[in-house]
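The values are calculated or read from the model by the stated rules, or taken from the named source; none is laboratory data. Since the model is a prediction, treat every value here as computed from it, not as a measurement. Cβ atoms come from the backbone with ideal geometry, glycine included; neighbour counts cover every protein chain shown.
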Amino acid sequence: MRRTRILPALAAAALVAACGVQPTGVVPAGPGPSIRATSGARGLGGVTLYFVSDGRVIPVTRPSEGFISPEGAITMLLKGPTEREAAQGLTTFVPLGVDQVRVYPGDPSSLSLPFSVRKLSDQAINQLVCTVIAASTNTGQAAQPPGVNVISPYEDVYFQSCKAD
C-alpha cells in the first residue's frame, strides 16, 4: 500500500521541478496582428476590395455611396479591377466565372464556394477572405479575431484570416 502512494508523489515532484526551467515575467512582444484601416471611420464613403500587385494581396478602396454588404463587396471583387486599377498593375487571381460565391453573416462570417477550395490559389482565397472581412468590419459584424469560415462542397469548413500587405 505504501508503495502505491510513493509513485504518485514522485510523479508530482517531477512535474513541480519542471526540469529546472525557471519562471520568467511577461515578455513584451508588441501589438497583435490587425487589419489596416484604409479609409475613414468604419469605412464610410468607400468599400475595400483586395487585388494582387506583384504577387501580393493588397487593399484597394473604391468610393461608394451608402452601405455595401460583404456579398456586395464580393460581387464587386468578382468583376475584377477597373481599367485605372489595372493600369496601376493590379490584377485578380480569382478566376472568371466564380459567380456563385455566397457570404453568410455570423461570428465569424462564412464564405461558401460552389466548388473545391483547392481550385483557388492562395492569393485568390486571400482576396475573397480579406474582402469579406473588410466589408464585415464596415457593418460592425467583424469576428474577433478577424477571419472567415471557408466552406466548399465535400470538404471541411476551415477558418481563414486575412493575409494581405
Check: Mind checking whether some residue in region 96-109 is polar (S, T, N, Q), modelled with pLDDT of 85 or more and either in contact with a Ser or Thr (Cβ under 8 Å, 6 or more places away or on another chain) or farther than 15 Å from Gly72 by Cβ (or both)?
Finding: yes
Flag if Gly46 is modelled with pLDDT under 85 and of a type in the set (Gly, Ala, Ser): no
Checked against (1) assigned to a helix (DSSP H, G or I); (2) surrounded by 15 or more Cβ atoms within 10 Å (Cβ to Cβ), Val103 satisfies every condition except (1)
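Each row is one residue, and each column tells you yes or no for (1) in a helix (DSSP H, G or I); (2) crowded, with 20+ Cβ neighbours inside 10 Å.
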position	(1), (2)
Gly72	yes, no
Gly89	no, no
Pro114	no, no
Cys130	yes, yes
Thr137	yes, no
